[in-house]
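Sharing a structure below in structure tokens format, with a few things to ask.
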Amino acid sequence: MFRESFKYYKSKDPLPTFEDVLNIHKPKLLLNNGIITKLAINKSSPQYGLRSTEDWEVYVINSRNGLIFIKNPFTPHGQRYWITRCLKDYSKKPHKLNIDNTNILKSDENWWEEGRKNKKIIDSLRWSTFGYHHDWDTKIYSEENKCPFPEDIKNMTKYVAEQFGFDDFTAEAAIINYYHLDSTLSGHTDHSEQNLEAPLFSFSFGQSAIFLIGGETIDEKPLAIYIHSGDILIMSKESRLCYHAVPRIIKTNYEVWNDEYQMENSDFKHWEPFNNYLSYSRININVRQVLNKGQLKL
Ligand code: SIN
């Protein structure tokens with residue numbers, strides 16, 4: 001069932017219809033039909049590029065226990081901050097990239113600087129990992145394969161976690177996925193972490209996506225949900241171990257990340273390369289806790 005849905009939404013010919021895709025940005029019908037429920041959270045002041053929590057719109061998806069959707073709680077300035085970090089900084093050493101061990105970059109070159117001059121280079125980056133590096137072959141984390149986790153993203157994730165009572169959450173591993181309009185991410189579960197109770201945090205910026213979330217086996221038919229720039233998904237409780245995938249990236253007609261730019265800056269030049277990249281790309285920051293509470297290492 002999962003594979004069929006993935007193929008359906010991935011297909012370029014015939015094109016799928018999107019009528020069954022949940023658009024939580026237009027929640028009215030979904031609320032009335034009992035598909036989602038609005039969640040109230042306590043008031044907290046704006047920080048880390050997020051708006052005050054009293055302005056957050058948070059929903060739980062009733063058929064997926066523990067799946068929380070936060071409708072873009074970032075300010076436009078906040079979105080630009082995290083986008084800039086993903087492109088300019090999180091894509092650098094000591095982080096691991098899919099293009100390591102290829103001849104795309106020389107050892108002293110950096111992806112963002114070289115990529116700005118060369119389209120082939122800019123389009124070659126698919127992922128970056130930090131903290132405990134995800135090992136794509138063995139799927140095993142190790143003490144020998146890790147680097148420092150940047151403080152800003154660690155603190156921002158902790159802050160979001162605390163709003164939902166996940167007070168012990170510590171960000172220990174992250175994957176940044178860089179998608180283009182023809183990219184997909186096939187169905188998988190995330191079960192390499194020793195701590196499978198701690199939720200997964202997923203932050204998306206740039207172009208929109210269809211996100212599929214199924215059950216604990218591929219036999220269950222997944223739900224399809226639109227993810228737009230700034231949206232946060234938290235996979236906790238049962239949904240933490242559910243199959244998920246991104247079968248399609250969709251070009252948005254609302255570039256929310258450009259809002260208010262002219263108010264802050266008279267000169268667009270600084271932001272232009274980031275904006276050019278985003279015009280055909282989506283960035284997803286996926287943050288996990290690896291260790292159990294009190295565990296100091298693997
Ligand atoms: C992932 O599951 O690792 C990424 C999901 C996404 O891109 O939304």
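Values in this text are rule-based calculations from the coordinates and carry no lab data. Since the structure is predicted, the reported quantities are computational estimates derived from the model, not experimental observations. Don't worry about glycine lacking a Cβ; one is built from the backbone with ideal geometry, like all the others, and counts go over all protein chains shown.
Which cross-chain or sequence-distant (5 or more) residues have an amide H under 5 Å from the amide H of Leu67, H modelled 1.01 Å from N in plane?
Ile61, Ser236, Ser239
For every other residue with a beta carbon closer than 9 angstrom to the beta carbon of Met1, add +1 if it is Lys or Arg and -1 if Asp or Glu, then tell me the sum.
My count for the surroundings of Met1 gives -1.
Something else now. By a straight-distance test (C-alpha under 16 Å), which aspartates and glutamates pair with Lys237 as possible cross-link partners, with residues fewer than eight away in the same chain excluded?
Glu162, Asp167, Asp168, Asp190, Glu193, Glu197, Glu216
The range 57-103 to the range 222-298: how many Å between their Cα centroids?
4 Å
Hey, another quick one. What's the local net charge at Arg64, with K and R +1, D and E -1, over the other residues with C-beta under 13 Å away?
0
Using the Karplus curve 6.51 cos²θ - 1.76 cosθ + 1.60 with θ = phi - 60°, work out ³J(HN,Hα) for each residue of the range 23-32 in order, rounded to whole Hz, and write x for Gly and Pro.
10, 6, 6, 10, x, 3, 5, 5, 5, 5
Another question, if that's okay. List the residues whose amide H sits under 5 Å from the amide H of Leu298, counting only those 5 or more places along or on another chain, with H placed 1.01 Å from N in the peptide plane.
Residues meeting the amide H criterion: Glu143.
Give me, ordered by chain and number, the residues 5 or more places off Glu172 or on other chains with an amide H under 5 Å from its own placed amide H.
Arg288, Gln289, Val290
Please find, in a Gaussian network model of the chain (springs between Cα atoms separated by less than 10 Å), the residue of His95, His244, His188 whose mean-square fluctuation is greatest.
Of His95, His244, His188, the most mobile in the Gaussian network model is His188.
Just Lys139, Lys92, Lys221 to compare: in a GNM of the chain, with alpha carbon springs under 10 Å, which one fluctuates most?
For the chain, modelled as a Gaussian network with Cα springs under 10 Å, the answer is Lys139.
Set the bar at 20 Å for Cα to Cα. Now go through Lys93/Lys293; Lys28/Lys71; Lys7/Lys221; Lys92/Lys269; Lys96/Lys146; Lys88/Lys117 and name every pair that lies beyond it.
Among Lys93/Lys293; Lys28/Lys71; Lys7/Lys221; Lys92/Lys269; Lys96/Lys146; Lys88/Lys117, the Cα-Cα distance tops 20 Å for Lys93/Lys293; Lys92/Lys269.
Over the range 2-288, what is the relative contact order in whole percent, taking alpha-carbon pairs under 8 Å and six or more residues apart?
Numbers: 545 pairs, mean separation 67.4, N = 287.
About 23 percent, as a whole number.
A follow-up question, please. What is the distance in Å between the Cα centroid of the range 104-128 and that of the range 137-154?
22 Å
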